[in-house]
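See structure below.
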Amino acid sequence: MSGVRVRRPGLWVAGAVAAGVLAVGASGCSGGGSGEGVGEGPSKAANREAPTAPGNPAPAAPRLDPRGVPAEAYTRWGLAKPLAPAPASPDRTPVLKPSGPPVVLDRVKTNDKVVFLTYDDGAEKDPEFVKMVGDLKLPISMFLTHSVAGSDYGHFKKLRDAGNGTIQNHTTGHANLRTLPYEAQRKQICDQQDRLAAHFGARPTLFRPPYGNYNDATVRAAGTCGVKALVLWRESMQIHNMQYAEGKRLKPGDIVLAHFRGPAELKGSTITEMTTRMLRRIQDQGFTVARLEDYL
Ligand SMILES: [Zn+2]
């Protein structure tokens, strides 16, 4: 199998170093004396290099959970337990219409205990987040603004490909669209559709107006650019906690807003730390994450 990296003995006590190894199935999840994750049969690489004590089984390929993620990855990214798999058959009624103006939504009607992760703007481009999204196979919908994300669309391509993500539209310049006439709104939306299609090979179907501000002209303008839905949100992830639209609980089908922000905006926290906290809030309430586009 190509891609199996040789791991020097001792390296894998440093959790961060093992990150890139897991994806290719050669991580030693029996490490640390936990005895977990052994049993799928030894890998060749592990046999060759592992300095196992007499009587210890050689490290085996990691046991994957139903989401295809090794349990160790959840631990490494600060989660106490695995994320539950999203239902194989989503409970949904089709939301998007083949023609006509786009729909506006901030949640999806479903009985599944799922919520949807969306990340906005694109200023922060942290390579650790690519690892996290890949390790945990996070389905994230990324709403990109050209003026901040455009300096490195390659980063977002990696993010899309690492997990189960999609690239969506958040205007060229993060304008408050309600203050602009129809044609100017159309330019903010359509120009970004064209750019994202050119860079990512697919024309977005979803659009998020900056600040959640829109009017009838926005809906019409977005429709002419091929947008099928204006996507707002029910919860907004802050540095440590979520702000809820109502009550203090997630509801099935809620869309959760987060941002590509770094330590300067998160009071020293990284985007991966913020995401860990968000995932904990989601797990603590008995929810898991699903791909928004699978429910539309
Ligand atoms: Zn924004």
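Taking region 139-157 as the search range and keeping residues that are in contact with a Ser or Thr (Cβ under 8 Å, 6 or more places away or on another chain) and either among the hydrophobic types (A, V, I, L, M, F, W, C) or away from the ligand (no atom under 16 Å from the Cβ) (or both), which one is farthest from residue 271 (Cα to Cα)?
My answer is 143.
Anything in region 110-124 that is away from the ligand (no atom under 16 Å from the Cβ) and outside any strand (DSSP E or B)? List them, or say none.
Correct list: 110, 111, 112, 113.
Scanning region 187-222 for residues that are surrounded by 20 or more Cβ atoms within 10 Å (Cβ to Cβ) and farther than 19 Å from residue 149 by Cβ, which turns out farthest from the ligand (Cβ to nearest atom)?
This residue is 221.
If you check 102, 87, 66, which single one turns out to be surrounded by 22 or more Cβ atoms within 10 Å (Cβ to Cβ) and over 25 Å from residue 270 (Cβ atoms)?
Every option except 102 fails the conditions.
Is it fair to say residue 247 is out of contact with any Asp or Glu (no Cβ under 7 Å at 6 or more places or on another chain) and loosely packed, with under 15 Cβ neighbours inside 10 Å?
yes
Quick check on my filter: what residues within region 148-190 are basic (Lys, Arg) and without any contact (Cβ under 8 Å) to a residue 40 or more places away in the chain?
158, 186, 187 - these are the residues of region 148-190 that are basic (Lys, Arg) and without any contact (Cβ under 8 Å) to a residue 40 or more places away in the chain.
Which of the residues that make up region 125-148 are out of contact with any Pro (no Cβ under 9 Å at 6 or more places or on another chain) and farther than 13 Å from residue 165 by Cβ?
125, 126, 127, 128, 131, 146, 147, 148
Readers should treat all values here as calculations from the given coordinates under stated rules, not as data from a laboratory. The structure displayed is predicted, hence computed values, not measured ones. Positions of Cβ are backbone-derived with ideal geometry, glycine not excepted, and every protein chain shown enters the neighbour counts.
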